[in-house]
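The values are calculated or read from the model by the stated rules, or taken from the named source; none is laboratory data. Fair warning: this is a prediction, and the values are worked out from it, not measured in the lab. Here the Cβ positions follow ideal geometry from the backbone for every residue, glycine too, while neighbour counts run over all protein chains shown.
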């Protein structure tokens with residue numbers, strides 16, 4: 001069944017994408033939850049017109065995201081954490097601490113846009129995370145976890 005997504009959904013697609021899913025998933029979850037609408041012929045025509053109108057805005061947003069991505073890739077963050085003698089952290093470092101460190105550096109990024117390869121970081125060292133600024137722009141940032 002073809003549907004038009006109204007929101008970004010992980011592992012399925014971005015807002016305004018037309019995707020094919022199983023009918024039960026669409027009828028029982030996506031459409032009643034307001035996450036998607038059925039892709040009928042009239043809905044596709046309305047969708048195409050909306051896409052044409054948004055094309056200019058999307059280009060501007062994409063350029064801004066690319067500029068921010070180049071600035072973020074050049075950035076090297078340092079996140080402080082309490083650690084024991086053997087380098088183990090008390091607790092863990094996650095996307096919340098990375099978002100706070102980016103805010104201190106002058107970049108406002110939502111923590112939900114940040115993905116860490118290791119879900120939680122529990123040792124001191126250098127790591128890498130990716131930030132989804134736009135569906136086509138996902139820069140990776142390097143950060144160090146240092147003991148306080």
Exercise. In the range 99-114, what count of residues is obtained for those that are loosely packed, with under 14 Cβ neighbours inside 10 Å and in a strand (DSSP E or B)?
Worked result: 0
For this session: Enumerate the strands (runs of 3 or more DSSP E) found wholly within the range 1-96, keeping only those where 2 or more residues are more than 25 Å from the chain's Cα centre (by Cα) and exposed (fewer than 15 other Cβ atoms within 10 Å of the Cβ).
Result: 88-93
For this session: Return yes when residue 101 is farther than 25 Å from residue 15 by Cα and either under 21 Å from the mean Cα position of the chain (by Cα) or not assigned by TED's automatic domain parsing to the domain that holds residue 13 (or both) and no when it is not.
Result: yes
For this session: Report, by residue number, each residue of the range 122-148 that is under 17 Å from residue 76 (Cα atoms), surrounded by 15 or more Cβ atoms within 10 Å (Cβ to Cβ) and more than 15 Å from the chain's Cα centre (by Cα).
Result: 124, 127, 143, 145
